[in-house]
Amino acid sequence: MQTTATQAPPPPPPPPHLKYLQEEVEELKGEGKHLLPSLPRGVGWICNHLYQYQGFWYTARKLLGAINCQGHFKAQDTDLLLVTNPKSGTTWLKAIAFAIVNRKRYSFSHHPLLTTNPHELVPFLEIKLYVDDHVPDLATFTSPRLFSTHLPYLSLPDSVKHSKCKVVFLCRDPKDTFISLWHFTSKLRTSGQEPISLEEAFHRFCRGVSLYGPFWDHVLGYWNESQERPDRVCFFKYEEMKEQPAVHIRRLAKFLGYPFSPEEEEEGTVEEIFRLCSFDTLSNLDVNKNGKMESGEEYRTFFRRGVVGDWVNYLTPEMVDEFNRITDQKLGGSGLTF
Ligand code: A3P
């Protein structure tokens, strides 16, 4: 008698709203698609794969967005570009920069940040505007145009490097960035995907195979540029902003070309901006508790704890030693420390 082997049921498909999970290369669009098979490929944290391009790791969709952006984005001298490594406080920086630049347009009691997530107010270039082969018409953006990106300095569109547009870079201690990334990834992986253990994620992060990694090379590119051209690239640290928010909000406003007047100082505008953009205010807004991005991520996944030093609750002494070793090796002599 013949027996039929029972087959395990196929894993459930990812929820249709999570576009970034469906990175079947055949379905992606973009001029750079032909490059994908020739690029080094690593294991992805949420999507199946990451691809190495110009020394850094991307999901296929983000990489095609990056190549599209490199080819088509024309920076203007008045543009302001916010840059971060993922999970370094991008959402916070977007909120603060938007509030600074637009403070004459909106009152703090009826502010767009109260009803709109910062990622919608300051769009990502390669993840939003130039993704899926779009070439957006940016003429509708009022000056100064405020954009964001996770692209490494080396891979910024040439027009950004050659224009006078201002670049703000916010970095965060790699240990906290890593823990934040691990939590974020764990939340976004679906029930059909095995969880990534902290140990496995740690090894990938340390090897540099993480989104826009290697982390250290990414920050060093902007750090060096901020040292050479401080009028063009301004470097901020999450930890310093948490410690002295008013000092750094003023520094950011000055760099962006929107310094606070004595009257504004008198009226407490800096403190208003700090309060509006604080973790407590933003994370408790209805929009950020219940809304989600077009690509499916719930806004609330961008707000976890928002503290400095949460890594102590997760990393073993050996992991900390390894982080310190890599930091010394990669950043030693640069003047950048954590
Ligand atoms: P944690 O996971 O450590 O809490 P990004 O915006 O780059 O994705 O980074 C997310 C990290 O920034 C998360 O860190 C999140 O909690 C924190 N964050 C979000 N909004 C913040 C805010 N207004 N102030 C300080 N930290 C904030």
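So if the hydrodynamic radius of region 87-177 is defined as the Kirkwood radius over C-alpha pairs, what does Stokes-Einstein give as its diffusion coefficient at 10 °C and 1.306 mPa s, in µm² per second?
108
Could you state, as a whole-number percent, how many of the C-alpha pairs of region 118-252 are farther apart than 24 Å?
Roughly 42 percent, once rounded to a whole number.
For region 42-331, the spread of Cα positions along the three principal axes, ordered from largest to smallest, is 52, 41, 39 Å. Distant-in-sequence amide contacts of K292, defined by a placed amide H-H separation under 5 Å and a gap of 5 or more residues or a different chain, comprise Y299. Per residue, the solvent-accessible area of region 42-331 (1.4 Å probe, heavy atoms of protein chains only, all protein chains present) comes to 42 Å². For the chain, adding -39500 (n - 2.57) for each run of n ≥ 4 DSSP H residues and dividing by the number of residues yields -11000 deg cm²/dmol at 222 nm. In units of the compact-protein estimate 2.2 N^0.38 Å, region 225-288 shows a Cα radius of gyration of 1.28.
The values are calculated or read from the model by the stated rules, or taken from the named source; none is laboratory data. Computed from a prediction, not measured in an experiment: that's the story for all the values here. Keep in mind that these areas ignore ligands, DNA and RNA; they rest on the heavy atoms of the full protein, side chains included. Shrake-Rupley method; radii C 1.70, N 1.55, O 1.52, S 1.80 Å.
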